[in-house]
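> My questions all concern the structure below.
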Amino acid sequence: MEISVTRDVFRLAQVFTISRGSRTEAQVLTVRIRAGGVTGRGECVPYARYGETLESVTTQIEGLPSDLTRDALYDLLPAGAARNAVDCALWDLEAKTSGGRVWDLAGLPEPGPEITAYTLSLDTPEAMEAQAAQHAHRPLLKIKLGTPDDMPRLEAVRRGAPQAKIIIDANEGWSAEVYADLAPHLVRLGVALVEQPLPTGEDEALIGMARPVPVCADESCHDRASLPALKGKYDVVNIKLDKTGGLTEALRLRDAARTEGYGIMVGCMVGSSLAMAPAVLVAQGAMVTDLDGPLLLAEDRENALTFDDAGVHPPEAALWG
């Protein structure tokens, strides 16, 4: 078995801004695992918020043994970007070697399209209203917020897209006081979900606090080991493969979270269709699907995922799985 990793860059269609900064391109790592004349692929997005860099994740991947299995991988690498790309590449390799599809191998029903959110970048209220108007035809909009002055932005988006369902992602950018001030207005403005309003480590403040709309754990939820600390704080968990460390743990986390009564959101980093493809399987029946990474790009992989009025469709075998 040969394992290789390369760095790929995809230009964004426009500057993308969250509370932690801006970017004009998506830098990803592509893993290829070749065995028996067949190649499986996976993609990850190292995330500085979790102490990852392109270099550190590459080193993790290059240090893996050549006789790797998915079961062994779980003990060799922690949850994170490196394990994600390798795990997904191994699933793809197994599917291509067998001539089947990943969902059959995993014992899952054949997937269908899922309506996905479209993300509006953090900007001035005027610019966000214009973004919202441009995408008002979409059924679900996700707003990047996370400053002390977000109320005008939220009002502006609602003016721009009066009919769309709205979810908010604060990216840990609010204090308990800011969230408490905004919370009563969320229902009035038709907000359906608030994602990670408080920083990880400060989210104990959510216990006992009024939650007029569901609150979703993102940065506070990585894998199944995160679940005990979420009780009483969150109603929904955001499953991202770059956090769980691959499709294998993402499916386990989904099942465990549902058993404990959490709603499921399936999200993504800003990456290509190759990164989103495995997540489409996890997103089946989710409360919220947020796999719009390819929609934010100016360029994508060959055999890219299909996005239409029905949502994001499962991948063709030529892309993944």
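> Determine whether region 232-241 contains at least one residue that is among the basic types (Lys, Arg), farther than 18 Å from Lys142 by Cβ and open to solvent by 20 Å² or more (accessible area, probe 1.4 Å).
Let us first name the residues in region 232-241 that are among the basic types (Lys, Arg), namely 233, 240.
Checking which are farther than 18 Å from Lys142 by Cβ leaves us with 233.
Applying the additional criterion that residues be open to solvent by 20 Å² or more (accessible area, probe 1.4 Å) yields none.
Checked against the condition, which is being among the basic types (Lys, Arg), farther than 18 Å from Lys142 by Cβ and open to solvent by 20 Å² or more (accessible area, probe 1.4 Å), region 232-241 yields no hits at all.
> It is to be established whether one or more residues within region 21-43 are in contact with a strand residue (DSSP E or B) (Cβ under 9 Å, 6 or more places away or on another chain) and part of a loop (DSSP other than H, G, I, E, B). Working first, answer last.
Pass one, region 21-43, residues in contact with a strand residue (DSSP E or B) (Cβ under 9 Å, 6 or more places away or on another chain): 22-35, 39-43.
After this cut, where a residue has to be part of a loop (DSSP other than H, G, I, E, B) as well, the list is none.
No, that holds for no residue.
> I've got another one for you. Among the residues of region 55-76, are any open to solvent by 40 Å² or more (accessible area, probe 1.4 Å), under 18 Å from the mean Cα position of the chain (by Cα), farther than 23 Å from Val282 by Cβ and at pLDDT 95 or above?
no
> Shifting gears a bit: Based on what the data block shows, is Leu29 touching a Cys at 6+ places or on another chain (Cβ under 7 Å) and either at pLDDT 95 or above or open to solvent by 30 Å² or more (accessible area, probe 1.4 Å) (or both)? If you could, list the steps in order and put the result at the bottom.
Numbers: touching a Cys at 6+ places or on another chain (Cβ under 7 Å): yes; either at pLDDT 95 or above or open to solvent by 30 Å² or more (accessible area, probe 1.4 Å) (or both): yes.
Answer is yes for this residue.
> Then there is this: For region 115-128, check the following and say yes or no: at least one residue is under 17 Å from Pro315 (Cβ atoms), crowded, with 21+ Cβ neighbours inside 10 Å and in contact (Cβ under 8 Å) with a residue 24 or more places away in the chain.
Among the residues of region 115-128, at least one is under 17 Å from Pro315 (Cβ atoms), crowded, with 21+ Cβ neighbours inside 10 Å and in contact (Cβ under 8 Å) with a residue 24 or more places away in the chain, which makes the answer yes.
> Is there any pair linking a residue in region 1-28 that is more than 19 Å from Ala85 (Cα to Cα) and among the small types (Gly, Ala, Ser) to one that is open to solvent by 50 Å² or more (accessible area, probe 1.4 Å) and in a strand (DSSP E or B), with Cβ under 7 Å and at least six apart or on different chains, and which?
Note: pairs meeting the criteria are Ser22/Val15.
> I would also like to ask the following. Please enumerate the residues belonging to region 250-281 that are within 18 Å of Glu316 (Cβ to Cβ), open to solvent by less than 10 Å² (accessible area, probe 1.4 Å) and in a helix (DSSP H, G or I). Break it down into steps so the answer makes sense when it comes.
First, pick out the residues of region 250-281 that are within 18 Å of Glu316 (Cβ to Cβ): 271-281.
From what is left, the residues that are open to solvent by less than 10 Å² (accessible area, probe 1.4 Å) are 271-274, 276-281.
Within region 250-281, Ser273, Leu274, Met276, Ala277, Pro278, Ala279, Val280, Leu281 qualify.
For every residue, the table says whether it meets (1) basic (Lys, Arg); (2) open to solvent by 40 Å² or more (accessible area, probe 1.4 Å).
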site	(1), (2)
His137	no, yes
Lys142	yes, no
Leu145	no, no
Glu155	no, yes
Ile167	no, no
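> Another question, then. Given the residues Gly311, Gly293, which is the only one that is crowded, with 19+ Cβ neighbours inside 10 Å, in contact (Cβ under 8 Å) with a residue 40 or more places away in the chain and not hydroxyl-bearing (Ser, Thr, Tyr)?
Numbers: Gly311 fails: crowded, with 19+ Cβ neighbours inside 10 Å.
Checking each option against the conditions leaves just Gly293.
> Run Glu177 past the list (1) over 21 Å from the mean Cα position of the chain (by Cα); (2) among the charged types (D, E, K, R); (3) open to solvent by less than 10 Å² (accessible area, probe 1.4 Å) and report the number of the one that doesn't hold.
(3)
The values are calculated or read from the model by the stated rules, or taken from the named source; none is laboratory data. These numbers were taken from a predicted model, which means no experiment stands behind them. Methodologically, a virtual Cβ is constructed for each residue, glycine included, from the backbone with ideal geometry; neighbour enumeration extends over all protein chains shown. Side chains included, ligands, DNA and RNA excluded: accessible areas come from the protein's heavy atoms. Shrake-Rupley method; radii C 1.70, N 1.55, O 1.52, S 1.80 Å.
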